[in-house]
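Input: a single structure, listed below in structure tokens.
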Amino acid sequence: MNSNEKSVAEGTFSEITVDDGFYVLTYQNENNKVKVIEREIDRSYIQFHFCLKGESKFKFNNGDYVLNIIEETTLLLYNPQRDLPIHLEMHPSSWLVSVLVPIKKFHGLFSQEADYITFLSEDNKDKKYYRDGKISPSMAIALNQIINFNLNKYIKPLYIKGKVYEILGLYFNRGEDANTEQCPFLVDEANVIKIRQAKDIIINRMVEPPTLQKLSNEVGLSLKKLKEGFKQIYGDSVYSFLFDYKMEVARKLLETGSHNVNEVGLKVGYSTSSHFIAAFKKKYGITPKKYIQSSI
């Protein structure tokens, strides 16, 4: 794996070869001016762009077409019919990581699961594909580690390669934003709809959620299919998903300053403040009271 890094007063640009034809590019513009970066990329590549900080613009067709990418968002680009060279205009105080993967290599990563990825299906594999989305907290950690790594040069190739695969794995993990086109769950839209209904039910009734058996009866799925389908679509068990959701609601309520700890606990389904405090600390490593103090 080769590395080509240029450090200048206003920031850093780095291009690292992960594998044959497989690259990671990092950009940091610490200047107070827009910085333009260009790189030739042919149509055989899928491009993943991750904006960790600030904002940037990708310009195509001599500026006739512009795609914005803002902080904490991702952009996927693939067009087998034309080249998509990078013409990037980075705003001041912006950080961006790009992963460039040849389509043949990318197919190989999903050789046994190609139907799970929409644009690798027979109907879509030759169609252009554009997708934007959010950078998850897990992805943000790995992306920051790529930018900020400080390792022995002999360890660096293995470290960067591992982080790139980790990021791609997290990118295609079917989180809450999974849709029916991406979901492999029996390739059955009716079942997907039922799983979504189950998610909505537990969220709407988070104070007194139904048992798994009652939930499966209500949406019309067997208990086994409910458990397996929920895990596949949302990446977690039903109650683990609900726990994370309740803690996120609680965190936001605490930040408003309009409710005390006991009130917030009741709103998310904890009858005693001690149980709520224990749950919140388990999730965030800090008590609700200390969290409130740290948010002021």
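The values are calculated or read from the model by the stated rules, or taken from the named source; none is laboratory data. In this text, all values refer to a predicted model and were calculated from it rather than measured experimentally. When we count neighbours, we look across all protein chains shown, and the Cβ atoms used for this are built from the backbone with ideal geometry, even at glycine.
Laid out as a table, the results:
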read-out: Helices (runs of 4 or more DSSP H) within the range 228-296 that include 3 or more residues buried (at least 16 other Cβ atoms within 10 Å of the Cβ), among the β-branched types (Val, Ile, Thr) and in contact with a helix residue (DSSP H, G or I) (Cβ under 9 Å, 6 or more places away or on another chain); value: none
read-out: Residues (within 16 Å of Tyr129 (Cα to Cα) and out of contact with any strand residue (DSSP E or B) (no Cβ under 6 Å at 6 or more places or on another chain)) located in the range 42-75; value: Asp42, Arg43, Phe60, Tyr65
read-out: Some residue of the range 63-75 being modelled with pLDDT under 90 and of a type in the set (Gly, Ala, Ser); value: yes
read-out: Residue selected from the range 194-211 under the condition polar (S, T, N, Q) and outside any loop (DSSP other than H, G, I, E, B), by the criterion nearest to Phe172 (Cα to Cα); value: Gln197
read-out: Filter result for the condition that a residue is in a helix (DSSP H, G or I), without any contact (Cβ under 8 Å) to a residue 12 or more places away in the chain and not hydroxyl-bearing (Ser, Thr, Tyr), over Lys214, Lys225; value: Lys214
read-out: Output for the range 21-50, where each listed residue is under 17 Å from Leu168 (Cβ atoms) and in contact (Cβ under 8 Å) with a residue 60 or more places away in the chain; value: Gly21, Phe22, Tyr23, Val24, Leu25, Thr26, Ile46, Phe48, Phe50
read-out: Any pair with Cβ under 8 angstrom, 6 or more apart, that starts in the range 127-156 at a residue that is within 14 Å of Leu168 (Cα to Cα) and of a type in the set (Lys, Arg) and ends at one that is at pLDDT 80 or above and not in a loop (DSSP other than H, G, I, E, B); value: Lys134/Thr73; Lys134/Thr74
read-out: Answer from Leu52, Leu67, Leu96, Leu88 - the residue that is hydrophobic (A, V, I, L, M, F, W, C), farther than 21 Å from Gln145 by Cβ and within 21 Å of the chain's Cα centre (by Cα); value: Leu67
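One line per residue, one yes/no per condition, for (1) polar (S, T, N, Q); (2) touching a Ser or Thr at 6+ places or on another chain (Cβ under 9 Å); (3) farther than 30 Å from Lys194 by Cβ:
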| site | (1), (2), (3) |
| --- | --- |
| Lys224 | no, yes, no |
| Gly229 | no, no, no |
| Asp236 | no, no, no |
| Pro288 | no, yes, yes |
